[in-house]
Amino acid sequence: MKVFVCMNSIPNERLQALGHLEIIKLVAAAGADGIEIRKELLTPDDSLEELGALCRELNLDIYYSAPDFLIGSNHQMNDIGFKRLAREADELGAELLKMPLGNYGFETDMFRINEALVENLQNRELKITIENDQTLGGGNLNRIAQFLSCSEKFDIPIRLTFDTGNWLYTEEVPMEAAEGLAGYVDYIHLKQVKREKEGWVTEPVSMPLLPEVMELLEKFNGACPVAIEFPVTLENVATYISLMKMEQEVSHERA
């Protein structure tokens with residue numbers, strides 16, 4: 001199992017002080033297999049080509065995440081946004097582009113989605129995934145399942161990033177989501193959330209992983225990369241990476 005580190009799991013003050021290039025070096029030294037670059041954390045001084053070149057030099061797989069909806073407010077393909085993000089992912093040399101689903105509905109033109117992928121992904125080995133987010137639309141199990149089923153029916157190559165914690169924000173049951181969607185999952189975001197007065201908040205996962213977390217992860221293909229998307233420090237991220245790999249090895253031996 002490959003372990004990724006999401007850039008938003010690193011304390012923002014450290015990211016601002018050190019910059020992306022230095023953080024990438026530290027994450028690689030900590031033993032990560034890949035890194036998720038977050039569009040919303042980039043600054044005008046960050047060069048996608050430079051970030052990508054460093055990741056390749058350090059043998060890090062590169063995934064690119066953006067908050068732009070795949071399906072816009074008009075319930076149709078976000079053509080302009082997707083074209084821009086596909087170009088940015090290409091500059092970065094990313095293997096995967098992750099976006100939230102957005103405003104999918106019965107009126108969404110699936111043929112146009114397929115056309116947009118064909119137009120913008122020619123000769124590119126770039127995977128596209130949607131992610132269950134924390135919104136009622138983009139985190140609704142039935143809506144996501146319907147979209148992925150339709151995509152499969154029309155041979156549209158869009159897969160799923162499964163966020164283990166986001167389901168709770170939308171009052172869905174993670175295990176039920178895993179059982180229903182496991183066949184579509186290419187990437188996993190691991191996080192632990194708890195409810196406080198102001199709502200759900202993300203916290204560091206328990207190590208060793210809780211039995212219910214292990215049971216959830218066992219629903220997926222063991223080759224799916226798992227990303228740390230919970231708060232870590234530059235001092236303990238290596239420990240989390242090592243423990244996660246060890247837990248998965250033990251799990252596979254038991255299986």
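If R₀ is 41 angstrom, what is the calculated FRET efficiency for the pair Glu125 and Met246, using the beta carbon separation as r and rounding to 0.05? Spell out each step's value before the answer.
Working: r = 31 Å, r/R0 = 0.75.
For R0 = 41 Å, the calculated efficiency reads 0.85.
In µm²/s, what is D for the range 1-102 at 20 °C and 1.002 mPa s, where D = kT/(6 pi eta Rh) by Stokes-Einstein and Rh is the Kirkwood radius from Cα pairs? Before the final figure, lay out the partial values.
Working: Rh = 14.1 Å.
Value of D from the Cα-based Kirkwood radius: 152 µm²/s.
For the chain, what does the helix formula give at 222 nm: sum of -39500 (n - 2.57) over DSSP H segments with n ≥ 4, over the residue count, nearest 500 deg cm²/dmol? Intermediate values should be presented prior to the final figure.
Values: 10 runs with 102 residues, N = 255.
Mean residue ellipticity, 222 nm, calculated: -12000 deg cm²/dmol.
Roll a 1.4 Å probe over the protein chains and send me the accessible area per residue for the chain in Å². Present the calculation step by step, with values, prior to reporting the outcome.
Values: 12220 Å² over 255 residues.
Accessible area per residue: 48 Å².
Taking the chain, how many lysine pairs are there with alpha carbons less than 19 Å apart, if each pair must be eight or more places apart or span two chains?
Eligible lysine pairs with Cα atoms under 19 Å apart amount to 18.
DSSP loop (so not H, G, I, E, B), at most 16 other Cβ within 10 Å: list which trypsin sites (Lys or Arg not before Pro) in the range 103-141 pass both filters.
Within the range 103-141, the qualifying trypsin sites (Lys or Arg not before Pro) (loop, at most 16 other Cβ atoms within 10 Å) are Arg124.
Looking at the chain, what % of its DSSP beta bridges pair antiparallel, to the nearest 5?
Working: 6 of 37 bridges.
Rounded to the nearest five, the antiparallel share is 15 percent.
Run the accessible area of the chain with a 1.4 Å probe and give the carbon-and-sulfur part as a rounded percent. Working shown, then result.
On the way: 5890 of 12220 Å².
Carbon and sulfur atoms account for 48 percent of the accessible area of the chain.
Springs between alpha-carbon pairs under 10 angstrom, Gaussian network model over the chain: which of Val201, Val27, Val173 fluctuates most?
Answer for the Gaussian network model of the chain: Val201.
Please check: in the Gaussian network model of the chain (C-alpha springs, under 10 Å), which one of Glu91, Glu49, Glu57 has the largest mean-square fluctuation.
Greatest mean-square fluctuation among the candidates belongs to Glu57.
Taking the chain as a Gaussian network, where each spring joins two C-alpha atoms under 10 Å apart, which residue of Asn78, Asn142, Asn166 fluctuates the most?
Among Asn78, Asn142, Asn166, the largest mean-square fluctuation in the Gaussian network model of the chain belongs to Asn142.
If R₀ is 25 angstrom, what is the calculated FRET efficiency for the pair Glu95 and Met207, using the beta carbon separation as r and rounding to 0.05?
On the way: r = 28 Å, r/R0 = 1.11.
The value I calculate is 0.35.
Apply 1/(1 + (r/R0)^6) to the Cβ-Cβ distance of Thr239 and Glu107, taking R0 = 45 Å, and write down the FRET efficiency to the nearest 0.05. Each step should come with its number before you reach the end.
Working: r = 49 Å, r/R0 = 1.08.
According to the calculation, E is roughly 0.40.
I'm spelling it out carefully: the read-out is Rg and Dmax of the Cα atoms in Å, the candidates are (1) 17.7, 49; (2) 17.8, 60; (3) 18.1, 67, and one was derived from this structure. Which label?
Step by step, Rg and Dmax of the Cα atoms in Å for this structure corresponds to label (1).
The values are calculated or read from the model by the stated rules, or taken from the named source; none is laboratory data. Note that this is a predicted model, so its numbers are computed, not measured. Because the Cβ atoms are built from the backbone with ideal geometry, glycine has one as well, and the counts that use them run over all protein chains shown. Note: areas computed on protein heavy atoms with side chains; ligands, DNA, RNA excluded. Shrake-Rupley method; radii C 1.70, N 1.55, O 1.52, S 1.80 Å.
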